[in-house]
Amino acid sequence: MSKIKDLTLSGTPMSYEYAVDDDFAKHFRSLHQVFMYITDRCNLGCEQCIYKPSISHFINEEIVLDDALALLRTFHRLGARKVTFLGGEPTLYGHCQHGKPLLDLIDGTARIGYEYIRLDTNGQKTSFFLRKPQFSKLNELAFSLDGFSPGTNDPLRGRGTFDRVVDNIRLAIELGYRVTITCCAQKVLLTRDEDRVLLIERMIRFAEEIGAHQINFHDLFKVGTPMDTWTGSFAPEASEWLPVYDELSNKIAQKEFSISVRLPQCFIRKSEFDLNPEYYGYCPVKLGERVMVHPNGVIRICSNLICTGFGVARYHHGRIIWDYSNNNETAGHDLERNTPCTNRSRHRKYGDLVPLCFSFKPGQEEFVWYEKLHWETKRDYLTVDACIV
Ligand SMILES: C[S@@+](CC[C@H](N)C(=O)[O-])C[C@H]1O[C@@H](n2cnc3c(N)ncnc32)[C@H](O)[C@@H]1O
Ligand code: SF4
């Protein structure tokens with residue numbers, strides 16, 4: 001068990017770290033990234049929001065700055081090199097002190113030595129930060145936008161949100177930020193316009209035209225987990241997604257888009273999965289490559305389990321403690337076997353299809369997938385072998 005180096009928060013916080021349980025360190029021996037939900041506050045109430053139950057409770061609403069940095073130092077020591085700040089809305093972090101804690105957090109994270117710092121924002125208040133030198137230490141500023149017009153975006157994110165976020169995206173690009181757009185693949189984007197163009201393709205074209213570096217799609221499927229009950233009615237069916245995925249991934253492969261497109265595959269035929277389980281069985285829980293840290297002291301891995309009682313550990317009073325109860329999200333899972341996503345297939349069946357991790361986005365340009373895991377190298381390895389056999 002490691003030692004807490006210095007408990008004096010106000011004096012020399014640079015040396016303060018959390019003590020870590022051996023079982024935690026063992027599970028996260030390949031830790032690469034941290035998703036830090038720094039605040040439970042939000043100025044929007046998006047219909048599909050995965051985080052909705054935490055936002056409405058307003059308890060333990062922020063991770064105290066010194067604790068956030070101490071946790072980041074600890075995870076850095078365990079191997080993490082990328083961090084994503086989110087929430088809630090991270091630009092509201094430390095709002096009583098006019099955003100200073102957020103700037104200090106970004107600055108402190110860079111000083112710890114993180115190589116890639118990302119912030120996910122709804123883009124409503126971002127202009128306040130864009131000219132601050134500490135903010136410009138971000139390696140990626142990811143704006144959430146769920147459509148290419150007020151008519152496609154605002155039903156999910158609220159009236160007026162499209163215009164405000166687009167103004168801030170333009171300003172951020174003008175100021176030299178590496179801007180990406182995160183877009184939920186809602187049902188309407190899988191339909192076509194009068195020219196038979198998929199609306200999701202129009203979304204990609206919109207991101208290209210505005211000058212974003214990348215567009216990253218999130219899926220919204222109902223998957224049989226508790227969050228199905230609070231994520232609204234914008235979820236497509238698997239049968240609607242598959243032809244769209246095929247059409248778009250072909251265009252991506254043909255390099256028809258000038259920006260990077262991260263597209264979740266979501267489902268695959270079982271027979272194809274079985275040809276290359278090492279590749280398709282990508283699972284952050286089994287890999288122990290990420291932690292998701294929440295203001296209420298919970299550390300978990302799988303975002304399917306956000307706002308549930310499941311997690312892997314808790315942080316409290318300078319210690320990170322492995323959860324030995326059945327609430328540990330790894331309990332009951334075979335961590336040694338490459339399988340389809342077990343969290344998404346326990347209660348829902350999809351015929352001859354099986355669900356993949358929703359972070360499984362073939363060929364994606366993403367720091368951990370590419371530079372740390374080299375995941376694409378697993379792509380055809382077993383398929384080729386299987387064909388030969
Ligand atoms: C929870 S938000 C937090 C950061 C910030 N408030 C924002 O909206 O960007 C992080 C990302 O998750 C996405 N998201 C919200 N609910 C989701 C859901 N049910 N499934 C997939 N992604 C979701 C949001 O659209 C956003 O891009
Ligand atoms: S802005 Fe982000 S955190 Fe807030 S409700 Fe929307 S998705 Fe959720």
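Things worth noting here:
- Of all residues making up segment 126-149, the number that are more than 16 Å from ligand 2 (Cβ to nearest atom), within 22 Å of His218 (Cα to Cα) and either in contact with a Ser or Thr (Cβ under 9 Å, 6 or more places away or on another chain) or of a type outside the set (A, V, I, L, M) (or both): 4
- Residues that are among the aliphatic types (A, V, I, L, M) number at least 3 in the following strands (runs of 3 or more DSSP E) confined to segment 270-389: 290-293.
- Complete set of residues in segment 137-169 that are under 21 Å from the mean Cα position of the chain (by Cα), over 13 Å from Val179 (Cβ atoms) and surrounded by fewer than 21 Cβ atoms within 10 Å (Cβ to Cβ): Lys137
- When segment 46-85 is filtered for residues that are within 16 Å of Ile299 (Cβ to Cβ), without any contact (Cβ under 8 Å) to a residue 24 or more places away in the chain and part of a helix (DSSP H, G or I), nothing remains.
- Residues considered: Phe24, Phe35. Of these, the only one that is part of a strand (DSSP E or B) and either away from ligand 1 (no atom under 15 Å from the Cβ) or within 19 Å of Gly113 (Cα to Cα) (or both) is Phe35.
- Any hit, segment 110-127, residues being in a loop (DSSP other than H, G, I, E, B), within 26 Å of Cys183 (Cβ to Cβ) and more than 16 Å from ligand 1 (Cβ to nearest atom): yes
- Put simply, of Phe85, Phe58, Phe75 the only residue that is more than 14 Å from ligand 1 (Cβ to nearest atom) and crowded, with 24+ Cβ neighbours inside 10 Å is Phe75.
- Qualifying residue in segment 134-142 (condition: away from ligand 1 (no atom under 14 Å from the Cβ) and basic (Lys, Arg)): yes
- Matching residues, segment 1-41, being of a type in the set (A, V, I, L, M, F, W, C) and modelled with pLDDT of 95 or more: Ala19, Val20, Phe24, Ala25, Phe28, Leu31, Val34, Phe35, Met36, Ile38
Per-residue answers, yes or no, for (1) more than 30 Å from Phe310 (Cα to Cα); (2) without any contact (Cβ under 8 Å) to a residue 12 or more places away in the chain; (3) buried (at least 19 other Cβ atoms within 10 Å of the Cβ); (4) more than 13 Å from ligand 1 (Cβ to nearest atom):
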site	(1), (2), (3), (4)
Ile210	yes, no, no, yes
Thr225	no, no, yes, no
Phe234	no, no, no, no
Asp246	yes, yes, no, yes
Arg262	no, no, yes, no
Arg290	no, no, yes, yes
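- Filter result for Leu102 (in contact with a Phe, Trp or Tyr (Cβ under 6 Å, 6 or more places away or on another chain) and either under 14 Å from His294 (Cα atoms) or of a type outside the set (Phe, Trp, Tyr) (or both)): yes
- For segment 170-197, taking the residues that are among the hydroxyl-bearing types (Ser, Thr, Tyr) and buried (at least 16 other Cβ atoms within 10 Å of the Cβ), the one that is nearest to ligand 1 (Cβ to nearest atom) is identified as Thr182.
- Checking each residue of segment 320-332 against the condition of being farther than 27 Å from Ser15 by Cβ and at pLDDT below 90 gives at least one match.
- Residue identified as away from ligand 2 (no atom under 16 Å from the Cβ) and free of Cβ contacts under 8 Å to residues at least 60 places away in the same chain among Arg159, Arg205, Arg164: Arg205
The values are calculated or read from the model by the stated rules, or taken from the named source; none is laboratory data. Quick caveat: nothing in here was measured; it's all calculated off a predicted structure. Every residue, glycine as well, gets a Cβ built from its backbone with ideal geometry; the counts of neighbours run over all protein chains shown.
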